[in-house]
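The structure under discussion appears below in the form of structure tokens.
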Amino acid sequence: MPPVINPDLCIKCDRCVNICTEDVFFGSKKHETPVVTYPRECVHFNGCVDVCPVPGAIWLRYPMPSMIVYRTSSDYEAPPG
């Protein structure tokens, strides 16, 4: 899933555009709210969110397989007997 930009919070600094290694924002105009041009190219490395100076202006929607709950062996009970 591609990044989501809140246009009301975005300060149009272009940091997310410049940090993206996959050109998800290709063609976005400088000092305008970035446009997600290639959403399927997003690899979810979170660089765009990390460099954004405004909390909540950009976030990632992670694909469902990435949201699988991680459990350690101590989460499981030993079988009886």
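The values are calculated or read from the model by the stated rules, or taken from the named source; none is laboratory data. Computed from a prediction, not measured in an experiment: that's the story for all the values here. In this analysis, Cβ positions are derived from the backbone assuming ideal geometry, glycine residues included, and neighbour counts consider all displayed protein chains.
Considering only the range 41-81, how many residues are of a type outside the set (A, V, I, L, M, F, W, C), modelled with pLDDT under 90 and either in contact with a Gly (Cβ under 8 Å, 6 or more places away or on another chain) or not in a loop (DSSP other than H, G, I, E, B) (or both)? Final tally of qualifying residues: 5.
Is it the case, given these coordinates, that K12 is surrounded by 13 or more Cβ atoms within 10 Å (Cβ to Cβ), out of contact with any strand residue (DSSP E or B) (no Cβ under 8 Å at 6 or more places or on another chain) and free of Cβ contacts under 8 Å to residues at least 60 places away in the same chain?
Against the criterion (surrounded by 13 or more Cβ atoms within 10 Å (Cβ to Cβ), out of contact with any strand residue (DSSP E or B) (no Cβ under 8 Å at 6 or more places or on another chain) and free of Cβ contacts under 8 Å to residues at least 60 places away in the same chain), K12 qualifies.
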